[in-house]
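First the structure, in the form of structure tokens, and then the observations on it.
Taken together, the values in this text are just the output of simple stated rules run on the coordinates, not laboratory data. Nothing here was measured: the structure is a model prediction, and the numbers come from that model. Here Cβ is always computed from backbone atoms with ideal geometry, including for glycine, and neighbour counts include all displayed protein chains.
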């Protein structure tokens, strides 16, 4: 039990440092800085850049965030790019042929690969087993196509091909010149291999995800760590936090675009950009803003990082599927397509495809840009209403 | 009253709080609190958890709107947010708030830049709080005490006149607390006004020029720790190891007012401790004797009728 021990004035640990701080007065102690050291004509811009730099530093040191921002979408690009690499070119369909004649020899080799069989029975066994889609039997003037109903689309295509070959042979037999001629040419400037659709889709999705997550997690973690409060206690205008976040998200989006498109351009994936690719930039900006606003809303509502992640995922991932990011939505039921049309990511996607690979001009951007900007305004307004600076 | 911007009148009040109240539903978190803090003063708000210390501090800092009452800091109203006042106050928040994954130096540079402070100043403040060797360590890798010291440096980097600290020593080990006390004393020696909350009674007693004791949203007493204890007019308690002296004999000692046995010890209450102790000395009975005078803890007990529990 000790008496009133008014702690010895110079504590042991203290002495060493006390000496040091005694000689080296931090500059300005005594000369209030806030009044004297205001530098630059636009302090708000400086404050914005300061916050943006702190955000960027934190982001580039966060391996997890880097992975999900750059590598994860890239993985999807690589996987889909490799899976669908060849599906754009139609490989010849193998059919069985029995006998010979003008029809069999006139089959177009680019579409149909004819494999001869000795007997009809032998070939039909293959068809029943599912190894062949159809068998063509030509004996004298009789031409018979026997097909499997297992793949009606392929059977239909084969019927069409064989029928046109038979018609052609019939016409040739009459010795008359054909009256009608079919001219078929491709509409698009370049080829439309799957990589041409995968790249804009993955780019839109990757940008949307990182913009939404970035904004949501900044708000939630800065609120939880009371950095928002610290900024509010500094002379920095409060909008600089928002401005910094938007700036960081835009920088991130541009880096993502360069990385994804750069990888897709590699010969193994074979993306070919059209001359209007630079029109993707306004779309990239509008799309980033739209999903930053989603992130702001999530960040305004969510109280923890985990909740923010879950909510952002819950919004962006289903939206990605419904917007045709990973596969074509045009085969989906009508009502789903209506839903899809209401989603900002769908319009970002459509716009990206239009300017990156379809070579359409600036007019193709009007609808996507209007939708994205309108979405941004509405969602940001809601976010501002529900936002709070401090944990309740 | 201080004229904004001059800050030279030493006796003037840096902070004036008048009839401040804040209610959350049924709970009167802060109930008509008034006090003044002089320039250069080390002012403590002491009380158990939930006493209303943090809410009071937040209203004085200007981040929480009072339901009633006024706060003037350096002659300017604290609410609403006043960008002219903000550069002159420094705030250390309860949770040490740092930018994620930035080093100690980067934290200081970043916070400083928000106030237009040149980056070079960071080094001097790292030195001031004894973190020069940790300049390139990321915030997540600093110890609790180091984080608190860095957080104080971040609150100081723009050289404010008034520094607010919310429980800076909470959850620190004794060593780290003593380190921090030294930092706080150094800062006070440089003429800063410091307002800080704590639930450590011993600490408030050692550090503060004046202490406001808070409980249930109200200030129960406000004075220098010594004056508060003196005002208690409490007797001194002298304890003797058991078996040295019988209770009966102890009552005969000069100056002994009351004798009790507690936990094997004989406790003699006295209002003339000098007389009693010299009697014990001449009887050669000083071995193992403990002397305990009143502390702020007794002041709290007297004011609230209950033991102090942080």
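Under Stokes-Einstein, with the Kirkwood radius over Cα pairs standing in for Rh, what whole-number D in µm²/s applies to the stretch A:157-246 at 4 °C and 1.567 mPa s?
Reported coefficient: 65 µm²/s.
Other chains near A:46-53: what is the mean number of their Cβ atoms within 10 Å of each residue's Cβ?
Average per residue, whole number: 3.
Pick out which of B:15, B:187, B:277 has the largest mean-square fluctuation in a Gaussian network model of chain B, springs linking Cα atoms closer than 10 Å.
B:277
With springs only between Cα atoms under 10 Å, which of A:160, A:52, A:206 fluctuates most in a Gaussian network model of chain A?
A:160
Quick one, can you get me the convex hull of the C-alpha atoms of the stretch A:93-174 expressed as volume per residue in Å³?
78
Taking chain B as a Gaussian network, where each spring joins two C-alpha atoms under 10 Å apart, which residue of B:100, B:123, B:36 fluctuates the most?
B:100
Once the Cα atoms of helix A:305-322 and of chain A are each reduced to a long axis, what angle between those two axes, in degrees from 0 to 90 to the nearest 10, is obtained?
20
Quick one: compute the contact order of chain A, relative version, from alpha carbon pairs under 8 angstrom and 6+ residues apart, as a percent.
Here the relative contact order equals 18 percent.
Within 10 Å of each Cβ of A:221-231, how many other protein chain Cβ atoms are there on average?
Taking the mean over all residues of the peptide, I get 5.
Compute the helix-to-body angle for A:344-356: its Cα long axis versus the longest principal axis of chain A, expressed 0 to 90° and rounded to tens.
For helix A:344-356, the angle is close to 60 degrees.
Rounded to the nearest 10 degrees, what's the angle between the helix A:280-301 long axis and the longest principal axis of chain A, both from Cα atoms, 0 to 90?
60
Largest first, please: the extent of the C-alpha atoms of the stretch B:40-158 along each principal axis, to the nearest Å.
Each principal axis gives a Cα extent; for the stretch B:40-158 these are 46, 34, 28 Å.
Cβ neighbours within 10 Å, averaged per peptide: list B:67-75, A:362-370 in order, most packed at the top.
B:67-75, A:362-370
Where the eigenvalues come from the Cα gyration tensor of chain B, what are the semi-axes √(5λ) of the equivalent ellipsoid, largest first, in whole Å?
Equivalent ellipsoid of chain B: 43, 24, 17 Å, largest first.
Per residue of chain B, what 222 nm ellipticity follows from adding -39500 (n - 2.57) for every DSSP H run with n ≥ 4, rounded to the nearest 500?
Computed mean residue ellipticity for chain B: -9000 deg cm²/dmol.
If you take all C-alpha pairs in the protein assembly as shown, what percent of them are over 51 Å apart?
Of all Cα-Cα distances in the protein assembly as shown, 40 percent exceed 51 Å.
Could you let me know the centre-to-centre spacing of the stretch A:186-263 and the stretch A:313-373, using Cα atoms, in angstrom?
With the stretch A:186-263 and the stretch A:313-373 each reduced to a Cα centre, they are spaced 18 Å.
Quick one: P(r) of chain A from all Cα-Cα pairs, 10 Å bins, percents rounded to integers, in order of increasing distance.
4, 16, 19, 16, 14, 11, 8, 5, 3, 2, 1, 0, 0
Looking at the protein assembly as shown only, what percent of DSSP beta bridges run antiparallel? Nearest 5 please.
Of those bridges, close to 60 percent are antiparallel.
For peptide B:173-183, compute the average count of partner chain beta-carbon atoms within 10 Å of each residue's beta-carbon.
Average neighbour count from other chains, rounded to a whole number: 3.
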